[in-house]
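Report on the structure given below.
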Amino acid sequence: MTVESTAARTPRRSAGSKAGTTGTQRTTRTTAKKDAGAGRSGEPALVQLLTPEGKRVKNAEYDPYVAGITPEDLRGLYRDMVLTRRFDAEATSLQRQGELGLWASLLGQEAAQIGSGRALRDDDYVFPTYREHGVAWCRGVDPTNLLGMFRGVNNGGWDPNGNNFHLYTIVIGSQTLHATGYAMGVAKDGADSAVIAYFGDGASSQGDVAESFTFSAVYNAPVVFFCQNNQWAISEPTEKQSRVPLYQRAQGFGFPGVRVDGNDVLACLAVTRWALERARRGEGPTLVEAFTYRMGAHTTSDDPTRYRGDEERLAWEAKDPLLRLRRHLEAANHADEGFFAELEAESEALGRRVREAVRAMPDPDHFAIFENAYADGHALVDEERAQFAAYQASFTDAEGV
């Protein structure tokens, strides 16, 4: 398959045409609507190396970036995705049982995260959002540290410089500015490492992301912007955020954009390697749009049944990234039942370890939120602390009755 990149530019509108005409708006909406469903005829092409049925697709441009992939490597990618999904499922269950305050699931986005995460070198630096659990796994971050943050007992629990993996960023889109500044520093230091910044389709509408695109382009920063377009910014579909496919936004800033099948771990690996190598050669930033789907809720406080239907979810479950790679492994005789059985046992062991670790964690300090609000204290904060203390004490009093 071929890739439609920002090199394929659309003709400019004539000076006499009106941007607000009904025909133009109708065409744009139709294009956006088609683009949101990717995979049907007449839509922008995307880089794909494995079909949903697990068949290997040749691609002259990106095949060289996975030419050295062995059956063992493919089994490793599958193992990463299985264990990441198991950890994610356990975290969701723990939140539902009151052990975590919140959880942002990555269900359905494993291929985008593992494929891009395994493309990185040790000396590359990662700036994540709050959903990059698969990338954290690839960088060697213990899953229990992620859970400690969502339990409220730490602010991340890992040394960012120990894994070249920054702490999770909750503020939407701000990590792209951090990544751009860091990449500019890397370039000035003369290093050949690269930086990658993860964000979602919703964050792509943030001003911070636009500023990052501007500065990275002007300063030719060695940064890859990796957008996981899971098609829903909480309850808003992508077509309500952009009149064009997200990867095409890069052309307005003067650097390449590529759309990749985000449920194809092999394609995500290849495209990210290509983008990282561009950065290391001094060719500047790249926008990678991994077109995927959030099969679960935005977070555990969200109810996706209120804004999307079962038909859409079921259609994307048929494109499950894990099922896709398993079909390929089985068809090519790269894995037998013994491999899958051992992996299932390893997966269950990981789930137990995670659950035991979380239950052994202390309860969060309920009053920490009032600390460091003001350098010298504040009467209103003191009043709110006292009110909260009385509220907490009411539970103890009720139990004693």
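The values are calculated or read from the model by the stated rules, or taken from the named source; none is laboratory data. Nothing here was measured: the structure is a model prediction, and the numbers come from that model. Note that each Cβ is placed from the backbone with ideal geometry, even for glycine, and that neighbours are counted across all protein chains shown. Quick note on the areas: whole protein, heavy atoms, side chains included, nothing else; ligands and nucleic acids left out. Shrake-Rupley method; radii C 1.70, N 1.55, O 1.52, S 1.80 Å.
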Given the whole protein assembly as supplied and a 1.4 Å probe, what does the accessible area of D189 come to in Å², nearest 10?
130
Folded to 0 to 90 degrees: helix 321-331 orientation relative to the chain principal axis, Cα
60
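Show me the chymotrypsin sites (Phe, Trp or Tyr not before Pro) within the stretch 263-364 that DSSP assigns to loop and that have at most 15 other Cβ atoms within 10 Å of their Cβ. Working shown, then result.
Numbers: sites: W274, F291, Y293, Y307, W316, F339, F340; in loops: Y293, Y307.
Loop-located and lightly packed - Y307.
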Relative contact order [Cα under 8 Å, 6+ residues apart], the stretch 153-247, whole percent
28
With the Cα gyration tensor of the stretch 348-401 giving a ≥ b ≥ c as the square roots of its eigenvalues, does the rule (a/c under 1.5 for rounded; else a/b larger than b/c for prolate; else oblate) give rounded, prolate or oblate?
oblate
Measuring from the longest principal axis of the C-alpha atoms of the chain, the long axis of helix 174-189 (C-alpha) lies at a number of degrees, nearest 10, equal to 70
Run through the stretch 45-140 and list the GluC sites (Glu not before Pro) located in a DSSP loop whose Cβ has at most 15 other Cβ atoms within 10 Å.
E53, E61
For the stretch 136-152, just list the computed ³J(HN,Hα) in residue order, Karplus coefficients 6.51, -1.76 and 1.60, θ = phi - 60°, integers in Hz, with x standing in for Gly and Pro.
4, 4, 5, 8, x, 7, 5, x, 5, 5, 4, 5, x, 5, 6, 8, x
Can you send over the solvent-accessible area of K319, 1.4 Å probe, protein chains only, in Å² to the nearest 10?
50
For the chain, what is the accessible area per residue in Å² when the probe is 1.4 Å?
47
In the stretch 123-145, whose amide N lies under 12 Å from the spot 7 Å out along Cα-to-Cβ of T299? List them in ranges.
130-131
Name the residues whose placed amide hydrogens come within less than 5 Å of the amide hydrogen of R259, ignoring near sequence neighbours (fewer than 5 apart) on the same chain.
E4, V47, E289
Of F199, F253, F367, the one that fluctuates the most in a GNM where the chain has Cα springs shorter than 10 Å
F367
Counting only protein heavy atoms with a 1.4 Å probe and every protein chain in place, the carbon and sulfur fraction of the accessible surface of the stretch 51-188 in whole percent equals 51
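Within the P(r) computed for the stretch 243-388, what percentage of the Cα pairs occupies the region above 26 Å? Kindly include the intermediate steps, with their values, before the conclusion.
On the way: 6456 of 10585 pairs.
Here the long-distance tail beyond 26 Å is 61 percent of all Cα pairs in the stretch 243-388.
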Run the numbers on the chain and let me know its relative contact order in percent, using alpha-carbon pairs under 8 Å that are six or more apart.
23
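Pairs of alpha-carbon atoms within less than 8 angstrom and 6+ residues apart define the contacts here; what relative contact order does the stretch 206-364 have, in percent?
Values: 162 pairs, mean separation 40.3, N = 159.
Averaging sequence separation for qualifying contacts and normalising by length gives 25 percent for the stretch 206-364.
In the neighborhood of F388, defined by Cβ-to-Cβ distances under 13 Å, what is the net charge if each Lys or Arg adds +1 and each Asp or Glu adds -1? Can you show the working numbers first?
Working: positive: R385; negative: D365, E371, D382, E383, E384.
Residues close to F388 contribute a combined charge of -4.
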In whole angstrom, note down how far apart the Cα centers of the stretch 346-368 and the stretch 209-239 are.
33
Under a 1.4 Å probe, counting only protein heavy atoms, S301 has an accessible area in Å², nearest 10, of 100
Which of (i) 70, 45, 45; (ii) 74, 61, 50; (iii) 83, 64, 49 is the computed Cα extents along the principal axes in Å? It is (ii)
Please work out the C-alpha center-to-center distance from the stretch 57-88 to the stretch 305-325 and express it in whole Å.
21
Describe numerically, in nm with one decimal, the distance between label points set 7 Å from Cα along Cα→Cβ at R308 and at N155.
3.4
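Gain in length, F339 to Q392, computed as 0.36 nm per residue apart minus the alpha-carbon separation, to one decimal in nm? Kindly include the intermediate steps, with their values, before the conclusion.
Numbers: separation 53, 0.36 × 53 = 19.08 nm, distance 5.04 nm.
Extending this stretch completely gives an extra 14.0 nm.
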Out of Q109, Q231, Q97, any idea which swings most in a Gaussian network model of the chain, alpha carbons joined below 10 Å?
Q97
Assign one of three labels to the stretch 137-233, namely rounded, prolate or oblate, based on the Cα gyration tensor with a ≥ b ≥ c the square roots of its eigenvalues; rounded applies when a/c is under 1.5, prolate when it is not and a/b is larger than b/c, and oblate otherwise.
oblate
Which shape class, rounded, prolate or oblate, goes with the stretch 233-274 when its Cα gyration tensor gives a ≥ b ≥ c as root eigenvalues, a/c under 1.5 marks rounded, and past that a/b bigger than b/c marks prolate?
oblate
On C-alpha positions alone, give me the angle between the axis of helix 71-96 and the longest principal axis of the chain, in degrees, nearest 10.
40
